[in-house]
Each structure stands twice: as structure tokens, then as C-alpha cells.
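Report on the following structure.
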Amino acid sequence: MRLILHDLTPLHWAAGGAAIAAITLALLFVTNRRLGISGGFEDLCSLALPNAYFRRGAVRSARPWRLPFLAGLVLGGFLSAVLSGGWTPTWSLGAFATVVGLGHAGTLAWMFVGGLFIGFGTRLANGCTSGHGIFGLSNFEWPSLVSTACFMAGGILTTQAIHRLGVASWLS
Amino acid sequence: MTALYVAFGAAFGFVLSRSGAADYGLVQGMFLFEEFQLYGIMATAVLLTAPGLWWIRRRGHTALGEPLKVELKPMTRGTAVGGLLFGVGWSITGMCPGPILVNIGEGKVYALAALAGALVGAGLFGSLYPRLQGIFRLPPVATPRPSR
């Protein structure tokens, strides 16, 4: 399957996995940081919200590395587009158009609701695909195994419902 | 140091973009058991990170001689429930947290809505923390996480 981005052929999975491992290890070995992305949502929230939860030391001390790391992720996506045919704002979403098939406003609402699940869920589980799925599993941490099994199950059940049972078709 | 973190993030984002980890179709293909790509990526990443991590932890300090600190995540009732909720969101959007930012960088307009949702979701979690603490047996806010 080709990527939505400029119809590119994706990197071989072994190369992609090896690159992710190399970056994860370099981040720890050079800068003493445990890979984790969803924790960065808290750092962004802490810029605007005064709750005790966002003012705790673990959030404040992580901001100087997590915020630049998050900015880097955006930059990485931008460079990937620029170097493969140019950067243009786009709405293309591949199979989403036929399976869910919402207009622009509906797509934004759909993505916002999905985002709520991601933001709330990753904070409740204390990690996402990177902190639990890659770092935590590699470090043989039980909570990461539980969380990874649960988010894979949640994803499989939801996608089967949307893409096989057509649960979303009543929306459009 | 800031520039180094931006560079690490950019490298990570570039790989997520080009490997398909930030691609709606490949994410759904994974959950439909039709595409091996993302299973292959995750398995390779874990199989290679694990021995590297073991070696770095045995060494006990970073390349610059700093004592290593690896914060561990607590096991709570939220570990499973939160994972499940996150999985639902990953399927709905076709993005996990890193790819939300990568897709914004690529120019995917709808990813901005996913980011807005994720920030509101995280904000709700933090605001409701005192109430969620009892339900999910979450650790008190002030306690630093243990390190190994």
C-alpha cells in the first residue's frame, strides 16, 4: 500500500523500525531522556492551564526538551513533504473518503472527537505508542504491556466496526 | 540542547512520515489485519531497542557521563482503561500522538482538529484529576515517580 503523501512507496518496515530504535536509544544515551510523546500534550496544556496537575515538577522539568521535540516532529513531517514533491495543505485521507465520507466540517468534528479519546486516554494510561509501545515494552515494563495490549485491542475493535461493519455510514 | 531536541524530533517525525506510521490507510490496514507494515515496524523497533536499552542501563550513565535516569510508569486502573480509550482514538483519526504532529507538518489540515481534540482531552484529564484519582487509583500529584 502506498502513502497518502504524494503516493510514495513507504520505507521497508525493517528500515523504519531500525531507525525508530536508533533514535530512541540515542535520545536516552545522549540526552538522558525517555522517549514519550503524549506527555508533551501536558506540557502544551501547562502553558495555558493553572491546575495543580499541570504545575507539578514532572511537567515543568520536561518542558525544555519535550516542546522542542514536538516542534521537531512537525518539522520532520514538513521536510518529508518538501523533499518528496512539495508542501501543500491537503484534505486527502485515502479510504476515509469512501468509508466515512464526511465533508470538511464533518471531518474536522470527527478528528476532534478522535483527538479527545487520544488526549484523555493517553494521559489516563500514562503513555502512548512511543512511551509504552516502544520504550516501555523494550524495557520489559508490565504497565506498558497492559497498555499496549489495550490500545491495540481498542484500535482493532473500532476499525473493524467502522471499516467492516460500516458503523460510520449513518453519519453522512 | 534545544536544537538537538528539535533535530531528534525531526528525524523521528521524518521516519514516521515515510514509514507509513502516520498514514491513515496503513493504520487502518494494520487494525484490519490487511497490512503487515506497522506490525513489522513496531516489532523491529522493540527487538532492537531492548538490547540497546539493556546495554545502556548496565552501563549506568549517558555518553556525557551523567547518571542514567529512566522514569518508570505506574500501574493503575487507568493503564488498561486509558489504553483502550486511546486505541479508539487512534482508530478514529488514524493517528497516534506523534503522527498527529507529523501530519500537521505534512500539511494535512484535519490533523489540526485532532491536535485540538487531544489537547482538550489532556486538559480535561488534568482538570478532573482529583476526581479521577479515586476512581482509577492514580498516584498523588506531588509524588515523584520512582526510578530504577
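The values are calculated or read from the model by the stated rules, or taken from the named source; none is laboratory data. All values derive from a computational prediction rather than experimental measurement. So basically every Cβ, Gly included, is an ideal-geometry build from the backbone, and we count neighbours across all protein chains shown.
Descriptive notes on the structure:
- Checklist (1) surrounded by fewer than 20 Cβ atoms within 10 Å (Cβ to Cβ); (2) under 19 Å from A:TRP142 (Cβ atoms) applied to B:VAL46, failing item: (1)
- Looking at A:TRP87, A:TRP65, A:TRP13, just one residue is at negative phi, touching a Lys or Arg at 6+ places or on another chain (Cβ under 8 Å) and hydrophobic (A, V, I, L, M, F, W, C), and that residue is A:TRP65.
- Checked against the criterion of being farther than 17 Å from B:LEU101 by Cβ and not in a helix (DSSP H, G or I), the stretch B:35-44 has at least one qualifying residue.
- Selected residue [surrounded by fewer than 17 Cβ atoms within 10 Å (Cβ to Cβ), more than 7 Å from chain B (Cβ to nearest Cβ), more than 29 Å from B:ALA63 (Cβ to Cβ) and modelled with pLDDT of 95 or more] from A:ARG2, A:ARG55: A:ARG2
- Taken across the stretch A:65-87, residues that are part of a helix (DSSP H, G or I) and at pLDDT below 95 do not occur at all.
- Residue within the stretch B:131-146 that is within 19 Å of the chain's Cα centre (by Cα) and part of a helix (DSSP H, G or I) present: no
- Restricting the first member to the stretch B:109-120 and to residues that are within 7 Å of chain A (Cβ to nearest Cβ) and basic (Lys, Arg), and the second to residues that are buried (at least 24 other Cβ atoms within 10 Å of the Cβ) and part of a loop (DSSP other than H, G, I, E, B), no beta-carbon pair is closer than 6 Å while six or more apart or on different chains.
- Matching residues in the stretch A:88-107 - criterion: being surrounded by 13 or more Cβ atoms within 10 Å (Cβ to Cβ), part of a loop (DSSP other than H, G, I, E, B), without any contact (Cβ under 8 Å) to a residue 40 or more places away in the chain and among the β-branched types (Val, Ile, Thr): none
- Test: residue in the stretch A:144-155 that is within 7 Å of chain B (Cβ to nearest Cβ) and over 18 Å from A:SER38 (Cα atoms): yes
- The conditions of being at the interface with another protein chain (Cβ under 7 Å from one of its Cβ atoms), part of a helix (DSSP H, G or I), touching a residue at least 12 places away in the same chain (Cβ under 8 Å) and surrounded by 23 or more Cβ atoms within 10 Å (Cβ to Cβ) are met by B:LEU26.
- Test result for B:PRO140, surrounded by fewer than 16 Cβ atoms within 10 Å (Cβ to Cβ), out of contact with any Ser or Thr (no Cβ under 7 Å at 6 or more places or on another chain), facing another protein chain (nearest Cβ under 7 Å) and farther than 21 Å from A:LEU73 by Cβ: no
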